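Worksheet: one structure, shown below.
Just so you know, all these numbers are worked out from the coordinates, no wet-lab data involved. These numbers were taken from a predicted model, which means no experiment stands behind them. Using ideal geometry, Cβ is built from the backbone for each residue, glycine included, and neighbour counts are taken over all protein chains shown.
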């Protein structure tokens, strides 16, 4: 090649480039002639990519100033679609685009053109996650609605599934140590001098243990308790030292201190949820004890690596991670949301409905759920979120089965809500708001209950006759009464039969679209993953529905 004149070499390279482009186009053409039924080919012919490309147009990936991007936004958009459709990691996606002929064609690369590496793909996905978290999901659903407008009129079904965290749980001792280490690391990044000052005030061996200490799992129970006490006291001192240091540095902006404050809050929650401390007369800490299980806080943190993840208890199954709530019709997922694992299932229902109103201008006429939503509060929350436009359909919790005594429904509330009448005709005007803030407790005095013929059906045997009788009346009593009326109709029974479809959707999301295991840590990342999983599910459902239409239309 060195003996070939440069002018001739340029001509050869030009012709070779033209030849390679021709060969690439010819190879793709012949492959497409045999692959018209392939999913990617049908998706390419049916989906309008322009809105997604426009939404991501602000992303710039350039190899240098003034040069055109090597991997354009249209290519990267299609690459993310392929990743979700085939449930690939970023490294798997890199190889899939490089070596799968149809995938390479779909994304937009010539046959001999190198595709993006996993680092390039990771940067683009991180940008999409930060700036266009739900755009892919929303745009696919908008195009589905244009193709099948009847989908917007269907009843929706809701349920949840667990997404297991991409982090391991830690013992309380390890959790305290790990959190304190992250706190000190965050402080060192913001202000090395402040970090050195705080470090000098701490008993590092008590906090992090000696280098030659025995592993925790080898310790006896009393030794583990002693080590936990030592670590807990040191962690409390660490929290106080860092907090004092920040208070002495007003020159640091909230943005600079963001990670330090976040780790301080996490450490404070762990200490409050898990431990109690003993103080002497001078208010110096002299002991620490782990709280009994029933006294521990809610939404407890179990991993410093992913503090957003909590335990999800679903029957006999316990998962550490996130609770994914789904709203769907019999064909498509209409909304999906990730919450921390410990959040009760029904809590997310108003959010699912509000999100559809905000992003798709849609309020379903019916929303069908299991008994987890069969409470007055759930019905009232749905009414409030949809301004009474959505009928929540759920088997109601039968409170009467909890006791053979009179239930609140056996008492009559006055129309103005100011008095309550018992089954024996006694009237009470005395009521106090409950601690939960969800209702009032009406009180019937011992004198009112004296010589009552219904006392055995009203009072517990353990309650002395000299005590008052309290009856809790929920603020959601009217909503529950309305739900009971609807539960007696034939429509209610027909609605509940539709619930089986959501089980199939969830099984599909979990088995074929990566819905079970989180790829990243944190609530925001898991919510993004859930929406991309649902987007991929909807795309495949779209193509299946088009296939059925084609078959139905054929003679």
Report the gain in length on full extension from residue 118 to residue 255: 0.36 nm times residue separation, minus Cα-Cα distance, nm rounded to one decimal. 46.3 nm
Relative to the present Cα-Cα distance, how much length would full extension add between residue 511 and residue 295 at 0.36 nm per residue of separation? 74.0 nm
Where does each of 390, 179, 276, 466 land when they are ranked from fewest to most other beta-carbon atoms within 10 angstrom? 466, 276, 390, 179
Let a ≥ b ≥ c be the square roots of the eigenvalues of the Cα gyration tensor of the stretch 172-295; is it rounded (a/c under 1.5), or, if not, prolate (a/b larger than b/c) or oblate? prolate
Here the relative contact order (percent) of the stretch 44-199, from C-alpha pairs under 8 Å and at least 6 apart, is 17 percent
If neighbour count is taken as other Cβ atoms inside 10 Å, put 198, 77, 551 in order from fewest to most. 551, 198, 77
Can you sort 26, 211 by how many other beta carbons sit within 10 Å, fewest first? 211, 26
Of all DSSP beta bridges located in the chain, what percent are antiparallel, nearest 5? 85 percent
Note on the chain: alpha-carbon gyration tensor, axes a ≥ b ≥ c; rule is a/c under 1.5 for rounded, else prolate if a/b larger than b/c, else oblate; result oblate
Express the relative contact order of the stretch 172-295 as a whole percentage, based on alpha carbon pairs under 8 Å and six or more residues apart in sequence. 32 percent
Give the shape of the stretch 130-173 as rounded, prolate or oblate, defined through the alpha-carbon gyration tensor: a ≥ b ≥ c are the square roots of its eigenvalues, a/c under 1.5 means rounded, and otherwise the shape is prolate if a/b is larger than b/c and oblate if not. oblate
Per-residue ellipticity at 222 nm for the chain, helices alone: DSSP H runs ≥ 4 residues times -39500 (n - 2.57), over residue total, nearest 500 deg cm²/dmol? -15500 deg cm²/dmol
Hey, what's the Kirkwood Rh for the stretch 399-478 if you take every pair of different alpha carbons, in angstrom? 13.1 Å
